[in-house]
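Trainee: Submitted below is the structure of interest, expressed as structure tokens.
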Amino acid sequence: MSVLESFRLDGKRACVTGGSRGLGFAMARGLAEAGADLVLVGRDLASLEQARDDLVATGRQVEILSVDVGSPEPSEAGAHRVLETWGPIDILVNNVGGRRIDVPTETLATVDWQRIIDLNLTSAFVWSKVVGGSMLPRGWGRVINVASISGLVANRGIGGRSYETSKAALLSFTRALAADWAPRGVTVNAIAPGGFLTEPNQRWFQERPELRETFEQMIPMGRFGVPDELAPLAVYLASDASRYMTGATLVIDGGYTLW
Ligand SMILES: NC(=O)c1ccc[n+]([C@@H]2O[C@H](COP(=O)([O-])OP(=O)(O)OC[C@H]3O[C@@H](n4cnc5c(N)ncnc54)[C@H](OP(=O)(O)O)[C@@H]3O)[C@@H](O)[C@H]2O)c1
């Protein structure tokens, strides 16, 4: 098999949580262009339908499921539904997550802390358990956890440390699960993006314009990433090209974490 052929995903099916918009959509498009059929998971049905309409142009089969991945019980039921309706799934991208709050720790309500932990961390546990676990008997599978550089460093000038905490824990979960599943043919890796210009960040910058400048000054490349720049990495981790890599955290941040 040539190097480029080892990136092909023909005959595989990928499930992307949060695949209707932002980084999840960009990665889903990359996976489809490489040959994978898709199951996209999100909450808002209109966004999912729009994403499906956009992605069927790749010629791949695209299914959608509306479920709140941040609420553990419906999330787990949704993961089972994906398997029962569209299984087997070969590639799982645990992409759902977010910060959503800017509150200092000393005033952060415990319920809000827990909500962010569930959104970023419990969601990945639940979908890895159900969908990733279903790959084990077949002896081949890929789990890709979308963490953040916020799992490696603290973000300057913004509260809500449940985000940093959950993403750091997601990196640790990635390594431990990778060790467990390495002998069984399922790799588990993490992507740690820096700042990308998706809707949540656009919202932050509207509310707090000084944040954009603070962030941009800290990026050696001097700019935010655009979502399409994440897709090749997702294809690499989803394919045979990455067959000897597991438990890794791949940082893609324009150099943010170098300083
Ligand atoms: N953008 C960045 O700069 C950046 C940097 C580092 C890490 N990340 C990580 O990358 C991931 C994607 O971020 P993004 O910026 O692309 O976010 P985004 O543009 O807001 O997209 C989030 C996606 O997830 C879905 N989603 C959100 N909450 C959900 C829930 N509770 N249940 C089901 N689906 C849900 C959204 O659809 P619905 O809203 O319709 O549910 C949408 O499809 C997150 O894990 C984030 O922490 C992003």
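The values are calculated or read from the model by the stated rules, or taken from the named source; none is laboratory data. Remember, it's a predicted structure, so these values are computed and weren't measured experimentally. Please note: Cβ atoms are built from the backbone with ideal geometry, for glycine as well, and neighbour counts cover all protein chains shown. Each accessible area value is taken on the protein alone, full model and side chains, heavy atoms only, with ligands, DNA and RNA left out. Shrake-Rupley method; radii C 1.70, N 1.55, O 1.52, S 1.80 Å.
Trainee: For region 88-101, give me each residue that is touching a Lys or Arg at 6+ places or on another chain (Cβ under 8 Å) and over 17 Å from Val69 (Cα atoms).
Mentor: Correct list: Pro88, Ile89, Asp90, Ile91.
Trainee: Something else now. Of the residues that make up region 6-19, is at least one farther than 14 Å from Arg142 by Cβ, in a helix (DSSP H, G or I) and either modelled with pLDDT under 95 or within 8 Å of the ligand (Cβ to nearest atom) (or both)?
Mentor: No: zero hits.
Trainee: Also, quick follow-up: Mind listing just one residue for me: the one in region 145-184 that is part of a loop (DSSP other than H, G, I, E, B), of a type outside the set (Lys, Arg) and out of contact with any strand residue (DSSP E or B) (no Cβ under 7 Å at 6 or more places or on another chain) and, of those, nearest to the ligand (Cβ to nearest atom)?
Mentor: The residue in question is Asn155.
Trainee: Hey, can you tell me all the residues within region 206-259 that are over 15 Å from Ile149 (Cα atoms) and among the aromatic types (Phe, Trp, Tyr)?
Mentor: Tyr236, Tyr244
Trainee: To continue, here is another question. I need the full set of residues from region 78-103 which are open to solvent by 60 Å² or more (accessible area, probe 1.4 Å) and at pLDDT 95 or above, in order please.
Mentor: His80, Arg81, Glu84, Thr85, Pro88
Trainee: On to the next question. Mind counting the residues in region 138-167 that are closer than 17 Å to Thr105 by Cα, open to solvent by less than 50 Å² (accessible area, probe 1.4 Å) and among the small types (Gly, Ala, Ser)?
Mentor: Looking only at that region, the number is 7.
Trainee: I'd like the full set of residues that are assigned to a helix (DSSP H, G or I) and more than 17 Å from the chain's Cα centre (by Cα), limited to region 48-71.
Mentor: Once the filter is applied, which keeps residues that are assigned to a helix (DSSP H, G or I) and more than 17 Å from the chain's Cα centre (by Cα), region 48-71 yields Glu49, Gln50, Arg52, Asp53, Asp54, Leu55, Val56, Ala57, Thr58.
Trainee: Could you check, for region 243-254, whether at least one of its residues is open to solvent by less than 70 Å² (accessible area, probe 1.4 Å), in contact with a Phe, Trp or Tyr (Cβ under 7 Å, 6 or more places away or on another chain) and either at negative phi or modelled with pLDDT under 95 (or both)?
Mentor: No: region 243-254 contains no residue that is open to solvent by less than 70 Å² (accessible area, probe 1.4 Å), in contact with a Phe, Trp or Tyr (Cβ under 7 Å, 6 or more places away or on another chain) and either at negative phi or modelled with pLDDT under 95 (or both).
Trainee: Moving on to the next point. Here are some conditions: (1) of a type in the set (Gly, Ala, Ser); (2) within 18 Å of Asn145 (Cβ to Cβ); (3) crowded, with 23+ Cβ neighbours inside 10 Å. Gly22 meets all but one. Which one does it not meet?
Mentor: The one condition Gly22 does not meet is (3).
Trainee: Please indicate, with yes or no, whether at least one residue in region 158-174 is closer than 24 Å to Ser6 by Cβ and in contact (Cβ under 8 Å) with a residue 40 or more places away in the chain.
Mentor: Within region 158-174, one or more residues are closer than 24 Å to Ser6 by Cβ and in contact (Cβ under 8 Å) with a residue 40 or more places away in the chain.
Trainee: Exactly one of (1) in contact with a Ser or Thr (Cβ under 9 Å, 6 or more places away or on another chain); (2) without any contact (Cβ under 8 Å) to a residue 12 or more places away in the chain is unmet by Val56. Its number?
Mentor: (1)
Trainee: Turning to a different aspect of this structure: Which of (1) in contact (Cβ under 8 Å) with a residue 24 or more places away in the chain; (2) surrounded by fewer than 20 Cβ atoms within 10 Å (Cβ to Cβ); (3) of a type in the set (S, T, N, Q); (4) away from the ligand (no atom under 14 Å from the Cβ) is the odd one out, the single condition Thr187 does not satisfy?
Mentor: Of everything listed in (1) in contact (Cβ under 8 Å) with a residue 24 or more places away in the chain; (2) surrounded by fewer than 20 Cβ atoms within 10 Å (Cβ to Cβ); (3) of a type in the set (S, T, N, Q); (4) away from the ligand (no atom under 14 Å from the Cβ), Thr187 misses just condition (2).
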